[in-house]
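This report concerns only the one structure given below.
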Amino acid sequence: MIMNKQEFLTYAGLQTQTLEHWLEQRWLIPDQTGVGANFSDMDVARARLIGNLQTDLGVNDEGVDIILHLLDQLHGLRRVLDKMHKDL
């Protein structure tokens, strides 16, 4: 599902200020259109993960950076392995 900023804030349970900080940190990178940002279900899932890391686990901004970077690498490697497997 594609949603605008206001819909995303509702689905993710975020305040505007929190979202702005996360966008500045580049923890979320929505698709940009002429009308504004478009968020996806994956963005909602990522926002909930970030919220859980910070709220439930007490991870600071630097820790969130590292965790998200490692998760992005892991998912990238999985895509490469899937592609290699399909090419066999």
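What follows is calculated from the coordinates using simple rules that are stated; it is not laboratory data. This structure is a prediction, so every number in the text was calculated from the model and none was measured. Note: ideal-geometry Cβ built from the backbone for every residue, glycine included; neighbour counts use all protein chains shown.
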Note to self: Taking the 0 to 90 degree range and rounding to the nearest ten, how far is the long axis of helix 61-87 tilted relative to the main principal axis of the chain, both from C-alpha atoms?
What the structure shows: 40
Margin query: Between M84 and A45, what is the label-point separation in nm under the 7 Å Cα-to-beta-carbon projection?
Written below: 2.3
Next item on the list: Divide by every residue of the chain the summed helix terms, -39500 (n - 2.57) for each DSSP H run of at least 4, and state the resulting mean residue ellipticity at 222 nm, rounded to the nearest 500 deg cm²/dmol.
Entry: -22500 deg cm²/dmol
Check: Applying 1/(1 + (r/R0)^6) with R0 = 22 Å to the Cβ-Cβ distance of Q54 and Q6, what FRET efficiency is obtained, to the nearest 0.05?
Finding: 0.50
Check: I29 label point, 7 Å along Cα→Cβ, cut-off 15 Å on backbone N: hits in segment 70-87?
Finding: 70-77
Notebook entry, point to check: Could you list, bin by bin from short to long, the percent of Cα-Cα pairs of the chain in 10 Å steps?
Noted result: 15, 44, 29, 11, 1
Margin query: Quick query: amide H of A37 versus all other amide H atoms, modeled in the peptide plane; which residues come in under 5 Å with a sequence gap of 5 or more or a different chain?
Written below: K5
Item checked: Relative contact order (%) - criterion: Cα under 8 Å, at least six apart; region: segment 5-87 -> 22
